[in-house]
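**Q** Questions regarding the structure given below will be posed in turn.
The values are calculated or read from the model by the stated rules, or taken from the named source; none is laboratory data. Remember, it's a predicted structure, so these values are computed and weren't measured experimentally. Quick reminder, even Gly has a Cβ in these numbers, built from the backbone with ideal geometry, and neighbours come from all protein chains shown.
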Amino acid sequence: MLSPLSQDKWSPRLATHLLNRAGFGGTPEERQALYELGRDQGIAAAVDSLVATTETWENHPWPDWALSETDPNGDLWGGQGNRRRSFASWYFTFLREGQPLAGKLTKFFVDHFAVDSATSNQYTRHMYFFRFWENLRKHAAGDVDQTGRYGSLKTLVNDVSWSEAMIRTLDLYQSTANNINENFGRELLELFTMGVDGGYTEDDVGAAAEAFTGRKLYNYQSPHPNAPVRNPSTFAPEGLPPASSYQNPNQQDTSPKSILGFDKTPQGNDIINGDDVMEVIFANIQCASHLCWKLWRYFVSPDPEEALLQELALRFRDTYDYEIRPLLRDIFLSEEFYDDSVVAKQIKDAADLQLAILSQVNAAVPLERSLEAINDQLGYNVHFPPNIAGWPEPEGDGNTWLAAGPMVFRMNMASIWSHKNGEFLSGGAILEIAQNPDLDWDAIAPVELRSAENFPLLIEKLNERFLPLIPLRKSQVRTLYDRYVHIAEKISEVEAIKEMIRLIMALPEYQMQ
């Protein structure tokens, strides 16, 4: 169980699989480089090149308006629509250009701790939302401060409980000893730590809700002069005030509590506040098991075996103290990760699909209105998750990403890049699509391969670039050949190449990674 893959099994196919799952795919050259690293220095070196590399933020600063001390309402910055588009552009550019695993983990956290920007912005100014995301990406990057805390899911959940955005989203600021709101206590157990069937009771939900009473917010623009900074671990971007959440002892339920069958923390203290509740939750193996289940579904496959899940949970809790990257290293080295039942069997979510296309055609993130229109069609607006549970998985309950409408768009969206076709998008986006720079067609399909006689070499190269894990079937190759020859003779070889790419990326197989 979780034995490392033997060196003799390493192959270009498995290197491609690793790059797809630990990041967003890559060009043939990037995939070959990872394969050669694993061949020459060992599989562990290839895995470490993705897992052990942290992100720096010099090339991915926040938009200027996001760091403003005043909320840029109205016409000053073009209104909320422009801010929303600017932020989405920043996010996808970070995913496209940043360290792959940091991007993949950021996307995981954004879904695991789903915060609606409209809710978190209301009354509290836009910086609460950005401060929340900054904390997510710091943990995803695996940065380590003097306390060694970044990269720990245990610490991140605690940070989230003190974050202004989550306090606002789940109405925690309204919860007092005399008027208890159960929203956060319930979601802490159900979504963030133990799962829907996590073995807790309604009494446990009530105890958790009581423990988190009294957490309050100061208005970002006018903090109370005597406000204690209760949450020094919440990262505040440089030049901005520290977090303005705090504990109001006058509104806190300070009675001893029992949760999950315990009335003491693992350290032997009475369970009084939210921090105490966290200690009990993270000591419970069900918490580690649920988080491992969710990480396995995200990076590997939907249905991990129970024995494997328990082994992962023990390592996550007892060996790594909920530090994420060492656990992912074990996963990415394991035989189970490279099993034939896993490789090329995961449906791409909306972001993975876009980023795979951008990587394979070596294109920049579309302009802001175009990106927004694409995300609207795909059902992935990063500001507005459908609910606190986040977006449904492509294979999960409530999934609408593969319904008829979105699926038709998925199969046609390649033409946005191959043909600069924006007819599926709104008016402003159509104009922007036409402004995208041309792709490097010579790199994608070298001139010397474009004759009908060299078609087998051409299709092999395109198959390797766009469907590296799934060989085209003979019937598909024949159809592509007929289409290629027809367009090359009637129009041009470049137009024939564009059509080939559009057709390949429209295949159902292209939805898999």
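**Q** Where in the range 396-513 are there helices (runs of 4 or more DSSP H), lying fully within it, with 2 or more residues that are in contact with a Ser or Thr (Cβ under 6 Å, 6 or more places away or on another chain) and modelled with pLDDT of 95 or more? Spell out how you get there, then give the answer.
**A** Values: elements: 404-412, 415-418, 427-435, 441-444, 455-466, 474-490, 493-505.
Result: 493-505.
**Q** Determine whether Ile444 is under 17 Å from Thr27 (Cβ atoms), crowded, with 20+ Cβ neighbours inside 10 Å and in contact with a helix residue (DSSP H, G or I) (Cβ under 6 Å, 6 or more places away or on another chain).
**A** Values: under 17 Å from Thr27 (Cβ atoms): yes; crowded, with 20+ Cβ neighbours inside 10 Å: yes; in contact with a helix residue (DSSP H, G or I) (Cβ under 6 Å, 6 or more places away or on another chain): no.
The answer is no for Ile444.
**Q** Here's something else I'd like to know. For the list (1) under 30 Å from Leu14 (Cβ atoms); (2) out of contact with any Leu (no Cβ under 8 Å at 6 or more places or on another chain); (3) among the polar types (S, T, N, Q), I need the number of the one condition that Asn463 fails.
**A** Failing condition for Asn463: (2).
**Q** Can you find a residue in the range 471-486 that is hydroxyl-bearing (Ser, Thr, Tyr) and surrounded by 14 or more Cβ atoms within 10 Å (Cβ to Cβ)? Show your work before the answer.
**A** At the first step, the residues of the range 471-486 found to be hydroxyl-bearing (Ser, Thr, Tyr) are 475, 479, 481, 484.
Then drop every residue that is not surrounded by 14 or more Cβ atoms within 10 Å (Cβ to Cβ), which leaves 481, 484.
Yes, the range 471-486 contains a residue that is hydroxyl-bearing (Ser, Thr, Tyr) and surrounded by 14 or more Cβ atoms within 10 Å (Cβ to Cβ).
**Q** Which of the numbered conditions does Trp391 fail, given that it passes all the others? Conditions: (1) modelled with pLDDT under 95; (2) more than 17 Å from the chain's Cα centre (by Cα).
**A** Just one mismatch for Trp391, condition (2).
**Q** OK, next. Anything in the range 174-190 that is assigned to a helix (DSSP H, G or I), surrounded by fewer than 19 Cβ atoms within 10 Å (Cβ to Cβ) and under 28 Å from the mean Cα position of the chain (by Cα)? List them, or say none. Break it down into steps so the answer makes sense when it comes.
**A** Step one: of the range 174-190, the residues assigned to a helix (DSSP H, G or I) are 174, 183-190.
Now restrict to residues that are surrounded by fewer than 19 Cβ atoms within 10 Å (Cβ to Cβ): 174, 183, 190.
Listed by number, the residues that qualify are Asn183, Glu190.
**Q** How many residues, within the range 369-380, are under 20 Å from Phe113 (Cα atoms) and modelled with pLDDT of 90 or more? Spell out how you get there, then give the answer.
**A** First pass over the range 369-380, keeping only residues under 20 Å from Phe113 (Cα atoms): 375, 379-380.
Subsequent filtering for residues that are modelled with pLDDT of 90 or more retains 375, 380.
Residues in the range 369-380 being under 20 Å from Phe113 (Cα atoms) and modelled with pLDDT of 90 or more: 2 in total.
**Q** Look through Thr176, Thr201, Thr193 and report the one residue that is within 20 Å of Trp391 (Cβ to Cβ) and either out of contact with any Ser or Thr (no Cβ under 8 Å at 6 or more places or on another chain) or not aliphatic (A, V, I, L, M) (or both).
**A** Numbers: Thr176 fails: within 20 Å of Trp391 (Cβ to Cβ); Thr201 fails: within 20 Å of Trp391 (Cβ to Cβ).
The conditions single out Thr193.
**Q** Would you tally the residues in the range 97-135 being small (Gly, Ala, Ser), at pLDDT below 80 and surrounded by fewer than 21 Cβ atoms within 10 Å (Cβ to Cβ)? Before the answer, list the steps.
**A** Initially, the range 97-135 is screened for residues small (Gly, Ala, Ser), giving 98, 102-103, 114, 117-118, 120.
From what is left, the residues that are at pLDDT below 80 are 118, 120.
After this cut, where a residue has to be surrounded by fewer than 21 Cβ atoms within 10 Å (Cβ to Cβ) as well, the list is 118.
Residues flagged as small (Gly, Ala, Ser), at pLDDT below 80 and surrounded by fewer than 21 Cβ atoms within 10 Å (Cβ to Cβ) within the range 97-135 amount to 1.
**Q** Test of understanding: among Glu423, Glu432, which residue is out of contact with any Phe, Trp or Tyr (no Cβ under 9 Å at 6 or more places or on another chain) and surrounded by 13 or more Cβ atoms within 10 Å (Cβ to Cβ)?
**A** Details: Glu423 fails: surrounded by 13 or more Cβ atoms within 10 Å (Cβ to Cβ).
Of the residues listed, the single one that is out of contact with any Phe, Trp or Tyr (no Cβ under 9 Å at 6 or more places or on another chain) and surrounded by 13 or more Cβ atoms within 10 Å (Cβ to Cβ) is Glu432.
**Q** Among the residues in the range 210-228, are any farther than 24 Å from Asp171 by Cα, surrounded by 17 or more Cβ atoms within 10 Å (Cβ to Cβ) and either out of contact with any Pro (no Cβ under 6 Å at 6 or more places or on another chain) or at pLDDT 95 or above (or both)?
**A** Within the range 210-228, none of the residues are farther than 24 Å from Asp171 by Cα, surrounded by 17 or more Cβ atoms within 10 Å (Cβ to Cβ) and either out of contact with any Pro (no Cβ under 6 Å at 6 or more places or on another chain) or at pLDDT 95 or above (or both).
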